[in-house]
Every structure is written in C-alpha cells, then in structure tokens.
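Derivation of every value follows stated rules applied to the coordinates shown; laboratory data play no part. Keep in mind the model is a prediction, meaning the values are calculated, not measured. For neighbour counting, all protein chains shown are included, and Cβ atoms are generated from backbone atoms with ideal geometry for every residue, glycine included.
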Amino acid sequence: MGIVSGVASALQRLLGSKAEETAEASGLIKRRRKFSGSTLLSTFVLGFLRKPKATSEDLARTAAELGVGVTPQAVRKRYGPDLVESLRNLFDAGVTEAIAGEARSIPLLRKFTAVDIGDSSTIGLPDELAEQFPGCGGKSESGKAALKLQVELDQIDGRLKVVLEAGRQSDAKSALMKTLPAGGSLTIRDLGYFSLEWFNSLIAVAAFFISRLQPKTMVFDPEGTPLDLLKTLQEYTGDKPFERDVLLGKDERVPCRLIALRAPPEAVARRRQKAYEKARKDGRTPSAEHLAWLAFTVFITNCGSEKLSWKEVVVLYRLRWQIELLFKLWKSHNLLAHVDERDTADMRMAKFYARLTGALVQHWILLTSAWTSARHSLRKAAVVIQEHLLLILAAITDSEQLRLTLERLTRLVDRPSRIGKRKQRPGTHQLLLNPELLEYVF
C-alpha cells in the first residue's frame, strides 16, 4: 500500500471506527440524535485544524460540512469531561498508528536504519489540573500545572512518536527513553537527555548516538588515564577539529569518539552573554570554568570516522533543530498552546487535545506531500493543507475520493512549499546532500 492510500485508510480509521469506540467508552454519546461519535469528534479535530481559534459557530459550520446540522449552542454544550476524555483517547489511538512516509533517498541518512531526533516542549495548564499534570512551579510555562510533549521524529521516514507527561517530568527519565531503538539506528538528543547509562545501553544493542558532551563529565583516554579535557582543548592549536577516542564516566566508562570544535568568537560572545543573564536571574555569577567551556562545541558519538566524517557528525546533530521547527509549527500555526482566558478547564483541555490530534492528522498528510525530498518547508505546506481542508471534509467518508483528494493535495503543496538553495550558509537540505558544504573556520 502506498503512502497516500495508507494515510487515507488511517484517517478514515481514526475519525471513523476509532472515534466511535472512544466516544462510546467515555459515554460521550448517550443518545444518538444528530451527532455520532465519529461526526462529533471529527467536528472538533478537523474544525480546529481548519481554524485553530474556531468558535462554536465555526465548529457548527464544520459539522454541517460533515452532514450534521446543529446550532452553535448545541456544539458548545458538548464541552465537558467526557469530550476531553474522548479526544485524549482518540489522540492516543492516532499515535499508535505510527504512520511512516516514503524513506528519504539521502545517502547520509541511509547510513542508518533510522535517524531519530527527540526533544520536549512544555505547555501550561489550568491550576486545577496540577494533580494530573504537576508543573515545576514559578516558571512561565510550567506553573502549578503543565504538560510536557515528548516527541521523537525519524528523519528518514517521518515516523512520529509522542508521549504526554507531567511538566515536572525530567527529560532524561521520560518514557521515550525507556524503549531502546533498533540496532543500526541513530538517536540525536540535546543535553537534557544526557545519560552515560543510556549511551551504554545503545552500544549494547548496536545502535548509534550523537550528543553534546556534558562539561563536568569525567573523561579518560582509552587506557583509563584521566584527561583534563578543557586544558587539552585550550592548548590545542590544530587547524582541524580535535578528535580522539575516549572513555566517559568514572564508573560507566562509555567508549566513544570525541570531536571538539573551537566556536567562532561571535558565538562565544553570545553564549557568555546568555550565561551572565541566566546567572544574574539566579542571583549568582558564572564560574570561570563554565565561561571557558563556552569557547568550544564538543560532540560525542559511537560512530567511528569510517562511518561518519566530523562534518557529517555536525550536520546530523544540527538536524535536532528540525524538531524545534515542528514544535514551532504546532504552536504558531496550530496554536497548540493558545489559551482563551474565558474558557473553563474542560474547554481548554478539549481544545488542546483537538488541536493536538489535528496536528497529528496534519503530519500524516504532510508525509504524503512535503516529506520525501527534505526540500520542502513543513510550515508552508501546512498552510496549503489548511487552505484546502474543505476537500478533506468533503471526502472523509469515501475511500477512493479521499485518496484522490490527498493526491491532489500532494500536487498543490509541492511548489509553494519548496525551500530555495543558498550560496551563503547552505540550508539543511543542502548540507544533508553534501556535508562538505559546511562552512567552519577554526
């Protein structure tokens, strides 16, 4: 089954039988009058995908497109705990579909069976949800109640994993970290997930990783002799990156390859300015050692030089930014974190889960159109999908018509969402195809 047919089937399954099951399980439809479980949940999911700030009037119009004639008041009365539960369960059902697009034919990526980038994003919630989703308190997006989205995205086939956790949950202890990837895959995460025990677990299953080095980590040479890495880097005068095999951790002794680059002066200045600002907020001053470390960018990986050059390591690590762009898409385009202060807690959560499920549906459609070449902007493609969502609404119950509609969207998305090539500072898609374009002055 091709990706278009696969997505068409998954869409109909999610907004059809799965929606009916979740609505029945939560008691959302007690007596069927106009709405069925499928049409009601589809109204909210597709309604907020079509218009992220949808009012009850907007949702009533979406219901009409689905063949259900109801008043805005009837839609508004549907907000309640049973709707929240149904939408949450519908999202969970969507995640289990694990839709994958056609694999990108990029040689650098295809050195691995998967290239998983992972990160998290926190969304503030009403205080009354603090018991279910405790936040960290005091922070702008993590007060008494907050929800953390843990997301992993395969850069080869676009397969998406999403786990919802409490805002105070440590990234390093996320549920996503408890399932080891398949052998031959590559995992890329930031320092929030840094764990020597986890790196050793990946090595044990023949999986690969690329990470930044946590500065206070103990470093040893292959024979086990302690290495003063900061002093070594400060004394290094080579015109290429500093590279050597090392062991990490006093007890763990993780065998890996260390690659250190001297950061450009302007980057060092920015880093140190941020360090001073952060320290000032905490009522302290940054240490001289911390400021010294900011002059370097240090990577660790269990990929040998025969598998990846240093430029390929840097280019692949930069892919981590793609998940930040995904969060930006969900928050700025799908308005995932948008709050209407007039809404009750049930209304806020229902809208959140409807938007989140809509973002998942949007991702599936993007896999049919803007994924394969890595030369398309997902944000631009999402705008085109939103503009033509009426086509999806009209075809959602007709398998063949839905497939044809998705094929049409593929053509509509192609040209408007393409990213141009740059001679100066090549873009991600250019560097993936030719890592030698990476510009770095030592």
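Determine the calculated [θ] at 222 nm for the chain from helices alone, applying -39500 (n - 2.57) to every DSSP H run no shorter than 4 residues and normalising by the residue count; nearest 500 deg cm²/dmol.
-12500 deg cm²/dmol
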(request) May I ask you to evaluate 6.51 cos²θ - 1.76 cosθ + 1.60, the Karplus curve with θ = phi - 60°, for each residue of region 60-67 and list the ³J(HN,Hα) values in order in whole Hz, giving x for glycine and proline? (result) 5, 5, 5, 4, 4, 5, 8, x
(message) Whole-Hz ³J(HN,Hα) for each residue in region 226-237, computed from phi via Karplus 6.51 cos²θ - 1.76 cosθ + 1.60 with θ = phi - 60°, x for glycine and proline: what do you get?
(response) x, 10, 7, 5, 4, 4, 4, 5, 5, 8, 6, 10
(request) Specify the angular offset, from 0 to 90 degrees and rounded to the nearest 10, of the alpha carbon long axis of helix 81-96 from the longest principal axis of the alpha carbons in the chain. (result) 50
(message) How compact is region 303-381 by the rule of thumb for globular proteins, expressed as Cα Rg over 2.2 N^0.38 Å?
(response) 1.50
(message) Per residue of region 329-344, what does 6.51 cos²θ - 1.76 cosθ + 1.60 with θ = phi - 60° give for ³J(HN,Hα)? Whole Hz please, x for Gly and Pro, Karplus curve as stated.
(response) 4, 5, 8, 8, 8, 8, 6, 4, 9, 5, 10, 9, 4, 7, 6, 6
(message) If I fit a long axis through the Cα atoms of helix 37-50 and take the longest principal axis of the Cα atoms of the chain, what angle between them do I get, 0 to 90°, rounded to 10?
(response) 50
(message) Let me check I've understood the local charge: for Glu306, count other residues with C-beta under 15 angstrom from its C-beta, Lys and Arg +1, Asp and Glu -1. What total comes out?
(response) +1
(request) Holding the Cα-Cα limit at 29 Å, pick out from Lys178/Lys274; Lys111/Lys240; Lys216/Lys274 the pairs that are longer than that. (result) Lys178/Lys274
(request) Under 13 Å from the Cβ of Pro265, count the other residues' Cβ atoms, weight Lys and Arg +1, Asp and Glu -1, and hand me the total. (result) +3
(request) Would you work out which of Pro265, Leu316, Pro226 lies farthest towards the positive end of the dipole of region 205-318? Charges go on Cβ: Lys and Arg +1, Asp and Glu -1. (result) Pro265
(request) Could you tell me how many degrees, from 0 to 90 and to the nearest 10, lie between the Cα long axis of helix 3-13 and the main elongation axis, the longest principal axis, of the Cα atoms of the chain? (result) 50
(message) Using a Cα-Cα cut-off of under 15 Å, which aspartates and glutamates could be cross-linked to Lys231, ignoring same-chain neighbours fewer than 8 residues away?
(response) Asp221, Glu243, Glu289
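Could you work out the local net charge near Leu402, counting Lys and Arg as +1, Asp and Glu as -1, over the other residues with Cβ closer than 15 Å to its Cβ?
That sum, taken over residues with Cβ under 15 Å, equals -1.
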(request) Rank Ala172, Ala288, Ala19 by mean-square fluctuation in a GNM of the chain with C-alpha springs under 10 angstrom and give only the top-ranked residue. (result) Ala288
(message) For the chain, take N as its residue count and report Rg(C-alpha) divided by 2.2 N^0.38 Å.
(response) 1.08
(request) Please build a GNM for the chain, connecting alpha carbons under 10 Å apart, and tell me which residue among Pro81, Pro52, Pro226 fluctuates the most. (result) Pro226
(message) I'm checking a number: the convex hull volume of the Cα atoms of region 180-325, normalised per residue, in Å³. What is it?
(response) 140
(request) Estimate the FRET efficiency between Lys34 and Asp414 by the formula 1/(1 + (r/R0)^6), using the beta-carbon distance for r and 25 Å for R0, to the nearest 0.05. (result) 0.05
